Amino acid sequence: MWLLFALLSAVFAALTSILAKIGIEGVNSNLATAIRTIVVVIMAWGMVFLTDAQNGIAQISRKSWLFLILSGLATGASWLCYYRALQIGEASKVVPVDKLSVVLTLILAFVFLHEKATVSSIIGCILIGAGTLLMIR
């Protein structure tokens, strides 16, 4: 089931890039990010209440709060940078560079989460990096 959700995530991320590139024309990138964020917040809280998950707030540990807040700050910084890059660059070049996050995530997962580095994951990282360089030339 994780694969289905991951594929749907990729489809929606692709749509996000194209829709954002069209919508950001003539709009300050920070303002565009704020508008997008409001929509995401409404949608996320809607899902919380739709699935009756709001009761779990009290059970969240301090550690989880800290890392969820840090993750939110990283997301905000990523979105601000992404929208600015998308505004001034071509989507066909910005998106591949943004997807280098896959390589960086794998490296960070190996270092900090002690996930196993396999031959195929290392080769995949190299290919993604090389593919990104080819796409932005």
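The values are calculated or read from the model by the stated rules, or taken from the named source; none is laboratory data. All of these numbers come straight from a predicted model, not from anything done at the bench. Glycine gets a Cβ as well: all are built from the backbone with ideal geometry, and neighbour counts include every protein chain shown.
Scanning region 1-13 for residues that are assigned to a helix (DSSP H, G or I) and exposed (fewer than 12 other Cβ atoms within 10 Å of the Cβ) gives 2, 3, 4, 5, 6, 7, 8, 9, 10, 11, 12. Residue 26 fulfils the conditions (1) assigned by TED's automatic domain parsing to the domain that holds residue 6; (2) in a helix (DSSP H, G or I) except for a single criterion, (2).
Looking across region 106-137, the residues that are more than 21 Å from the chain's Cα centre (by Cα) and not β-branched (Val, Ile, Thr) come down to 114, 116, 117, 120, 134, 137. Residue-level analysis places residue 29 outside the set of residues that are surrounded by fewer than 11 Cβ atoms within 10 Å (Cβ to Cβ) and free of Cβ contacts under 8 Å to residues at least 60 places away in the same chain.
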